[in-house]
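Report on the following structure.
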Amino acid sequence: MTDVQVSFSGQAEAKGVALGVDLAGDPAELALVGDAGRLDQVLSNLVANALRHTGENGRIALSAARQADAIHITVADTGEGIPAETLPYVFNRFWRGDTARSHTAGAGAGLGLAIAKQLVEAHQGTIAVTSAPGEGAQFHISLPTDLSGTYPETAVA
């Protein structure tokens, strides 16, 4: 998570957005089995989206905590939020919430969240989103700590 924070810190600072990481507990307890590059890709997709939709003086927070046999990761922002009627579609390929914005410079192809979901599920995890217009968005990831021999151990921190 700190790698992702470092890689986006310049963009966040330039935009006037605070980007923080909060690790609950001992970082050693936040180790999980997984493909570090792909898990960084998931977090990078979420942070890139959060930066795109969070204005000046906003905040993006990455947090991780262990609960039983899972690591729970949240990427939360204080951005514009997502309307309830579009929440069911955010993980669909090529879906973009605001068609007026979808063809502007810097708008993605509508694949980032679909890829994030696919990668999380490949790690036998889950990803979900909660949001309301004007209240930001919170992406919640839950990953099992033990995939026994599937991937090498990766530290979330």
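Worth a mention:
- Among the residues of the stretch 105-139, those identified as surrounded by fewer than 16 Cβ atoms within 10 Å (Cβ to Cβ), more than 26 Å from Q67 (Cβ to Cβ) and either at pLDDT 90 or above or aromatic (F, W, Y) (or both) are P133, G134.
- Residue in the stretch 21-44 that is under 21 Å from G134 (Cβ atoms) and not aliphatic (A, V, I, L, M) present: no
The values are calculated or read from the model by the stated rules, or taken from the named source; none is laboratory data. All values derive from a computational prediction rather than experimental measurement. Glycine also receives a Cβ, built like all others from the backbone with ideal geometry; neighbour counts cover every protein chain displayed.
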